[in-house]
Amino acid sequence: MQKLSLTVVFASISLAGCDLDGSGNSSSSSSTSTTSSVAVEMEGKFPTGLSVASPLQRSSSATTASRMLNRTASDAKYSMEAITTEIEAVSTSASSFSSKFDISHFFTDVGSAECFGPQVMYENHPDGTAGNSGTLPSGDVGIWTDTNGSTNEACAAAELNAQMRGAANRTFMSMMSFAGLLAVARLDGVSLPTAGGTPADLSSSLSSRMPSSISVTTAQLSQSSAGVWSYTLEFEYTDSTPPTGATTPQTIGLRMEHTPGSSSTAYEGVIQYQMDDYYSPSGNCTADTHGGANITHNGSLHYKRNGDNIVTQHRYGNLCGHDQTNFSEAITGKTLQHLSPTSAWDNNFSILTAEFDRTDRSGSYAYTWQAGFVDGSSRILFVGLNSGGNDGESYYGYGDTVNTSTSGDITGLYCNWAGPGTHTLHAYAQRQFLSYSSTSNQYELSSTASSNIRYAPTTSCIYDTEVTGNEFRYDRDIDDTLTDETDITALVYSSGSAPTGYHDLDLMSPTIGSTTYTSIMDAIVNGRHFSKPTYP
């Protein structure tokens with residue numbers, strides 16, 4: 001049997017009328033009355049108003065979260081507001097929960113936006129031997145085009161949205177399940193537990209609202225003598241068409257430890273999830289006869305809210321084998337522990353730290369991810385949104401490995417991470433200024449000056465000398481052909497030295513105006529005034 005144990009990152013649960021599309025339109029008065037009553041019932045028991053999703057994803061009120069979450073990684077649409085609407089419906093109606101529950105959300109893969117880290121064909125790479133050719137692997141060239149695909153969406157925004165898709169999907173369906181647990185208790189007249197009292201068993205109530213492919217084994221609410229609420233939900237899912245090599249039924253378990261504060265808008269909590277799965281191909285795990293491998297998803301979230309200010313840190317790791325865990329980093333005053341990046345994980349590890357105002361998303365976000373435990377560096381994407389949430393700035397670069405540091409500081413940029421020759425860290429970062437467009441519901445670039453991303457994929461980041469008959473060509477426009485590439489698309493000169501019609505190196509450096517900062521991170525923080533989010 002495949003065991004999946006999931007305790008998840010929480011999406012928006014704003015249980016009053018909300019502005020769904022940024023236009024100021026909120027729910028009707030009758031809806032507001034209903035959701036307000038639900039909010040009262042959930043106060044102190046549930047992390048209302050908590051959001052973990054990409055702050056750069058918006059949607060119209062006509063787009064439901066379930067529809068958005070099913071889109072592809074390059075078009076991941078899961079705004080905080082849309083998720084809120086879905087959860088509100090479940091909180092007020094067990095039948096709504098039954099109709100919206102979709103097990104596939106627990107098994108969402110994460111991919112990159114089309115513009116970020118594409119595979120890049122090349123020939124005659126100047127750091128290799130004459131006549132060489134090959135392809136730079138996916139994920140290594142960072143922000144490669146200013147905008148994503150045929151849209152006007154800034155690449156940094158598209159990439160954060162895509163990277164957040166997996167967490168948003170698992171979060172969304174987990175919150176559906178927890179909200180459903182409270183709904184069936186209310187509708188079936190099951191008394192909620194008192195402090196230190198007997199836990200409420202809701203297995204039968206929930207089972208009757210589940211599809212036939214789901215068998216509920218545990219559905220329980222409890223409250224400690226100190227007033228800490230715990231949610232426990234386990235069920236078995238029978239997949240009618242499991243992937244070759246995988247087993248079914250699969251067990252999914254959800255848990256949450258929620259500590260209320262002095263008001264409904266003050267609380268703290270920790271969440272963990274552990275989920276067995278099957279990956280094909282096997283990645284960094286040993287492959288079975290089918291070319292895949294059993295893996296375990298591990299994740300933890302530490303969240304804290306004080307009024308409209310929310311601070312969170314979510315960690316995710318992918319471990320080889322089933323039933324593997326590494327929740328070993330203590331969190332002060334909490335029973336559940338954080339996922340540790342120091343050992344055990346193999347394929348992927350990511351850390352999202354966010355500190356923001358829930359009313360307009362303004363604040364700071366830092367997303368760090370690493371492809372494998374033995375990888376030499378992590379990738380880091382910062383986003384800072386100004387007051388009002390309608391514009392801000394993003395920065396991308398490399399940093400220390402997550403098993404060395406979880407602080408998420410950008411240390412520079414590798415322009416040639418996996419191509420011929422040796423890779424060298426340079427004190428650069430990629431930068432994009434983001435402006436929200438109410439027409440497209442996307443964050444776009446307001447001008448060409450809003451984006452500093454151009455470099456040559458060489459060890460020096462520069463390619464300014466052609467060798468006749470051995471010209472370096474690479475797929476600048478990512479159309480999978482080199483026949484349309486020319487010296488104009490390939491050559492990148494030192495800043496300020498490009499001939500007319502050609503391109504300079506265009507990256508953020510430690511020098512801003514007349515000031516040279518001590519490092520690229522110093523320039524981001526003190527030169528561009530990015531406020532790094534503080535871990536709770």
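The values are calculated or read from the model by the stated rules, or taken from the named source; none is laboratory data. Given the structure is predicted, the values throughout are model-derived calculations rather than measurements. As a convention, Cβ positions derive from the backbone with ideal geometry for all residues, glycine included, and neighbour counts pool all protein chains shown.
Here are some notes:
- Within region 259-311, restricting attention to residues that are among the aliphatic types (A, V, I, L, M) and under 27 Å from S54 (Cβ atoms), the residue that is surrounded by the fewest Cβ atoms within 10 Å (Cβ to Cβ) is A266.
- Considering only residues in region 454-488 that are in contact with a Gly (Cβ under 8 Å, 6 or more places away or on another chain) and among the β-branched types (V, I, T), the one that is surrounded by the most Cβ atoms within 10 Å (Cβ to Cβ) turns out to be T458.
- Filter result for the condition that a residue is out of contact with any Pro (no Cβ under 9 Å at 6 or more places or on another chain), within 21 Å of T48 (Cα to Cα) and either in contact (Cβ under 8 Å) with a residue 24 or more places away in the chain or surrounded by fewer than 18 Cβ atoms within 10 Å (Cβ to Cβ) (or both), over A219, A246: A219
- Note on region 200-246: residues that are out of contact with any strand residue (DSSP E or B) (no Cβ under 7 Å at 6 or more places or on another chain), of a type outside the set (S, T, Y) and within 17 Å of L336 (Cα to Cα) total 1.
- Complete set of residues in region 126-138 that are more than 34 Å from the chain's Cα centre (by Cα) and surrounded by 15 or more Cβ atoms within 10 Å (Cβ to Cβ): P126, D127, G128, N132
- Subset of region 326-341 [under 30 Å from S282 (Cα atoms) and modelled with pLDDT of 90 or more]: N326, F327, S328, E329, Q337, H338, L339, S340, P341
- Restricting region 427-440 to residues that are assigned to a loop (DSSP other than H, G, I, E, B) and touching a Gly at 6+ places or on another chain (Cβ under 8 Å) leaves a set whose member that is nearest to Y367 (Cα to Cα) is Y428.
To keep it simple, each residue is scored yes or no on (1) at positive phi; (2) charged (D, E, K, R); (3) in contact (Cβ under 8 Å) with a residue 60 or more places away in the chain; (4) in contact with a helix residue (DSSP H, G or I) (Cβ under 9 Å, 6 or more places away or on another chain).
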site	(1), (2), (3), (4)
Q430	no, no, yes, yes
S451	no, no, yes, yes
T458	no, no, yes, no
D464	no, yes, no, no
D479	no, yes, no, no
S494	no, no, no, no
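- Of all residue pairs spaced 6 or more apart or on separate chains, those with beta-carbon atoms under 6 Å, a first member in region 397-424 that is surrounded by fewer than 23 Cβ atoms within 10 Å (Cβ to Cβ) and modelled with pLDDT under 90 and a second member that is in a strand (DSSP E or B) and of a type in the set (F, W, Y) are H423/Y414.
- Filtering region 244-303 to residues that are under 23 Å from the mean Cα position of the chain (by Cα), in a loop (DSSP other than H, G, I, E, B) and of a type in the set (G, A, S) leaves S280, S282, G283.
- S150 meets all of the listed conditions (1) modelled with pLDDT of 90 or more; (2) in contact with a strand residue (DSSP E or B) (Cβ under 9 Å, 6 or more places away or on another chain) but one, namely (2).
- Matching entry among S205, S215, S222, S230 (being more than 30 Å from S262 (Cβ to Cβ) and part of a strand (DSSP E or B)): S215
- Of all residues assigned to region 123-136, none qualifies as being polar (S, T, N, Q), assigned to a helix (DSSP H, G or I) and either at pLDDT 95 or above or out of contact with any helix residue (DSSP H, G or I) (no Cβ under 8 Å at 6 or more places or on another chain) (or both).
- Look at region 182-207: where a residue is in contact (Cβ under 8 Å) with a residue 60 or more places away in the chain and a partner is assigned to a helix (DSSP H, G or I) and aromatic (F, W, Y), sitting 6+ places away or on another chain with Cβ atoms under 7 Å, you get A183/F97.
- Candidate set from region 312-366 (those that are over 12 Å from S300 (Cα atoms) and aromatic (F, W, Y)); member that is surrounded by the fewest Cβ atoms within 10 Å (Cβ to Cβ): F356
- Residues of region 503-531 satisfying the condition of being in contact with a strand residue (DSSP E or B) (Cβ under 7 Å, 6 or more places away or on another chain), within 22 Å of D146 (Cα to Cα) and part of a loop (DSSP other than H, G, I, E, B): L505, L507, P510, R528, F530
- Scan of region 382-426 for residues that are over 20 Å from C461 (Cα atoms), in contact with a Phe, Trp or Tyr (Cβ under 7 Å, 6 or more places away or on another chain) and outside any loop (DSSP other than H, G, I, E, B), ordered by number: F382, V383, G384, D391, E393, S394
- Out of T296, T241, sole residue that is within 23 Å of S350 (Cβ to Cβ) and modelled with pLDDT under 90: T296
- Residue selected from region 471-502 under the condition part of a strand (DSSP E or B) and aromatic (F, W, Y), by the criterion nearest to the chain's Cα centre (by Cα): Y474
- Qualifying residues in region 425-453 (those that are β-branched (V, I, T) and surrounded by fewer than 19 Cβ atoms within 10 Å (Cβ to Cβ)) - the one farthest from N148 (Cα to Cα): T439
- Per the conditions (1) modelled with pLDDT of 70 or more; (2) farther than 17 Å from Q163 by Cβ, the sole criterion not satisfied by V90 is (1).
- Within region 434-490, tally of residues that are among the aromatic types (F, W, Y) and under 18 Å from G128 (Cβ atoms): 4
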